[in-house]
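Enquirer: The following block contains the structure, expressed as structure tokens.
The values are calculated or read from the model by the stated rules, or taken from the named source; none is laboratory data. Being a predicted model, the structure only gives us computed values, none of them experimental. Positions of Cβ are generated from backbone atoms using ideal geometry, with glycine treated the same way; all protein chains shown enter the neighbour counts. Side chains included, ligands, DNA and RNA excluded: accessible areas come from the protein's heavy atoms. Shrake-Rupley method; radii C 1.70, N 1.55, O 1.52, S 1.80 Å.
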Amino acid sequence: MTEAIQLAQQGTGHASPNPLVGCVIVKNGEVIGRGWHERYGGPHAEANAISDARKRAPESTEHPTAGATAYVSLEPCAHYGKTPPCVDALINAKVATVVIATRDPNPKAAGGIEKLQAAGIEVITGIEAEAAQHQNRAFLHRLRTGRPWVIAKTATSLDGKIATRTGHSQWITGDAARRRAHDLRQIADTIVVGANTLRQDNPSLTVRDRWSTSLMALEPVHPTRVVVTRKGGLPHSARALNGSLPGTTIVATSDLMSAEEEAELTSLGNEVLRLPADADGRVSMRALLEALSRRSQCLVVEGGAELLGAFADEQLIDEVWSFIAPMIIGGSTALTSVAGSGCASLTEGLHLTGIDVQTLGDDVLLRGIVDTSKQGVTDVPRSTG
């Protein structure tokens, strides 16, 4: 099962909006087939593993998988979508046992376990369930809440600064940390920045030089870029807006943007999304997530401070990737990574659990999941639209 989960990871950036799924088929103590869901719309993991087993078998073997055990990281689907049901493929392959890490809560895909059992196949569940659920946390979260999984990414000095008092910010972290951040972009469907970040850094927001060996082997998948601005006035020559980059850019704004600017941005190939304001007059982050829910299951917020503060104030952050450089910048006017209203007491702060710490050259990456039990957070209701 551990290998099946590792195989599933090779679909990163390509399988979405479907989940990451891996499958390993074992017979007589030996692996005879491996597969994963390689890309959305293509064959699922089980079909690829069965195909792999058939390719390895002698031509005279009619059913090489007969009597085998299939290890699958997510419950096989029982419905017709872009591909036939995976349970039918396993039944036709005459496997004897299917070991499943975790159930698929998607109502459209439900019933796989029951259909396998009805066909006389032994089903074992709950093996490495926590690891499989963590791997598909964005997929499972969107099914449960109706909104994308939000990852806040920061790059700061030891004292939490993202720039000096003069605005100098490139580069706080080193090359390895920046390449690791490109791994995160490969994971994401959508990447969000504020207007000030666009003006000051002119970022491309594309996937380029990745750090993880497993992701370097994959074709880059560029996330949809979102620039948030309350009233516009954006530099249309910016790389993310001028039409020179692969992928799509959305400008999320309010009714304050002029019709003339909207027309010019649209003429450059961008999409303009007008959204309601929150109580502070900013573009509502809840409205943004609702608008993006159909096209994104994992969303990364790269900054700046006001944008991250808006997500934090609304308790909409689900995970944090914090890159920390071994330097102190200082200065009372130097920007910190998260602005907004902030919390009144430490108990109201954003607390992380499942902490993972990684050294990247001289820098450190601290990752964690937001502990909602310490915040009393309630989920955004699922859209009925």
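Enquirer: Note down the accessible area of Met285, probe 1.4 Å, to the nearest 10 Å².
Expert: Answer for Met285: close to 10 Å² accessible.
Enquirer: Considering the convex hull of the alpha carbon atoms of segment 156-204, report its projected area averaged over all viewing directions, in nm², one decimal.
Expert: Details: hull surface 16.4 nm².
Across all orientations, segment 156-204 yields a mean hull projection of 4.1 nm².
Enquirer: Among Gly331, Gly146, Gly11, determine the one that fluctuates most according to a GNM of the chain built with springs between C-alpha atoms less than 10 Å apart.
Expert: Result: Gly331 has the largest fluctuation of those listed.
Enquirer: Sticking with this one: Ignoring everything except DSSP H segments at least 4 long, calculate the 222 nm mean residue ellipticity for the chain; use -39,500 (n - 2.57) per segment, divide by total residues, nearest 500.
Expert: Values: 12 runs with 99 residues, N = 385.
Per the formula, -7000 deg cm²/dmol.
Enquirer: Could you give the dipole magnitude of the chain about its Cα centre, charging the beta-carbon of Lys and Arg +1 and that of Asp and Glu -1, in debye to the nearest 20? Walk me through the numbers before you get to the answer.
Expert: Details: 37 positive and 42 negative charges, 75 e Å.
That gives the chain a dipole magnitude of about 360 debye.
Enquirer: Please state the relative contact order of segment 175-256 as a whole percent: Cα pairs under 8 Å, 6+ residues apart?
Expert: 33 percent
Enquirer: Mind checking which lysines have their C-alpha under 26 Å from Lys153, skipping anything on the same chain fewer than 8 residues away?
Expert: Within the straight-line limit of under 26 Å, Lys153 reaches these lysines: Lys161, Lys231, Lys374.
Enquirer: Something else: Taking H as built 1.01 Å from N, whose amide H comes closer than 5 Å to the amide H of Ala252, not counting residues under 5 places away?
Expert: Those qualifying (amide H under 5 Å, at least 5 residues apart or on another chain) are Val227, Val228, Thr229, Leu273.
Enquirer: What percentage of the solvent-accessible surface of the chain, computed with a 1.4 Å probe over protein heavy atoms, is contributed by carbon and sulfur atoms? Don't jump to the answer; show the numbers that get you there.
Expert: Working: 8900 of 17790 Å².
Ligands and nucleic acids excluded, carbon and sulfur give 50 percent.
Enquirer: Moving on to the next point. Straight-line reach only, C-alpha to C-alpha below 16 angstrom: list the aspartates and glutamates that Lys55 could link to, leaving out same-chain residues fewer than 8 apart.
Expert: Lys55 reaches Glu30, Glu46.
Enquirer: If I take every Cα pair under 8 Å that is 6 or more residues apart in the chain, average their sequence separation and divide by the length, what percent do I get for the relative contact order? Each step should come with its number before you reach the end.
Expert: Numbers: 859 pairs, mean separation 60.3, N = 385.
About 16 percent, as a whole number.
Enquirer: Just to make sure I understand: if all protein chains stay in place, what is the order of Ile328, Ile317, Ile369 by accessible area at 1.4 Å, largest first?
Expert: On the way: Ile328 130, Ile317 15, Ile369 35 Å².
From most accessible down to least: Ile328, Ile369, Ile317.
Enquirer: Pairs of alpha-carbon atoms within less than 8 angstrom and 6+ residues apart define the contacts here; what relative contact order does segment 1-68 have, in percent? Write down the numbers at each step before the final one.
Expert: Values: 129 pairs, mean separation 18.4, N = 68.
About 27 percent, as a whole number.
Enquirer: Here's something else I'd like to know. Once ligands and nucleic acids are excluded and a 1.4 Å probe is used, how much of Asp362 is accessible, expressed in Å² to the nearest 10?
Expert: 130 Å²
Enquirer: Could you give the Stokes-Einstein D for the chain in µm² per second, using the C-alpha Kirkwood radius, 10 °C, 1.306 mPa s?
Expert: Values: Rh = 22.5 Å.
D = 71 µm²/s.
Enquirer: With a 10 Å cut-off between alpha carbons and a GNM built on the chain, which of Ser293, Ser254, Ser244 moves the most?
Expert: Comparing Ser293, Ser254, Ser244 in a Gaussian network model of the chain, the most mobile one is Ser244.
Enquirer: Something else: Apply the Debye scattering formula to segment 163-289, with a single equal point scatterer on each alpha-carbon and no solvent, then give log10 I(q)/I(0) at q = 0.13, 0.14, 0.17, 0.21 Å⁻¹.
Expert: Each listed q corresponds, in turn, to -0.59, -0.68, -0.95, -1.23.
Enquirer: Still on this structure, I have one more. So how strong a dipole does segment 58-111 carry about its Cα centre when Lys and Arg Cβ are +1 and Asp and Glu Cβ are -1, to the nearest 20 debye?
Expert: On the way: 4 positive and 5 negative charges, 44 e Å.
Here the size comes out at about 220 debye.
Enquirer: Turning to a different aspect of this structure: So how many Å³ per residue does the convex hull of the Cα atoms of segment 240-385 work out to? Intermediate results must be reported in sequence, preceding the final value.
Expert: Working: hull volume 26.5 nm³, N = 146.
So the per-residue hull volume is 181 Å³.
Enquirer: Please check: in the Gaussian network model of the chain (C-alpha springs, under 10 Å), which one of Thr353, Thr154, Thr65 has the largest mean-square fluctuation.
Expert: Looking only at Thr353, Thr154, Thr65, the biggest GNM fluctuation is shown by Thr353.
Enquirer: A further question on this structure: Please report the accessible area of Arg210 (heavy atoms, 1.4 Å probe, ligands and nucleic acids excluded) in Å², nearest 10.
Expert: 20 Å²
Enquirer: Right, another one. When the solvent-accessible surface of protein heavy atoms is calculated with a 1.4 angstrom probe, in what order do Lys82, Lys115 fall, highest first?
Expert: Of Lys82, Lys115, the descending order of accessible area is Lys82, Lys115.
Enquirer: Something else: Report, to one decimal in Å, the Kirkwood hydrodynamic radius for segment 1-118 based on all distinct Cα pairs. Intermediate results must be reported in sequence, preceding the final value.
Expert: Details: mean 1/r = 0.0721 Å⁻¹.
Kirkwood hydrodynamic radius for segment 1-118: 13.9 Å.
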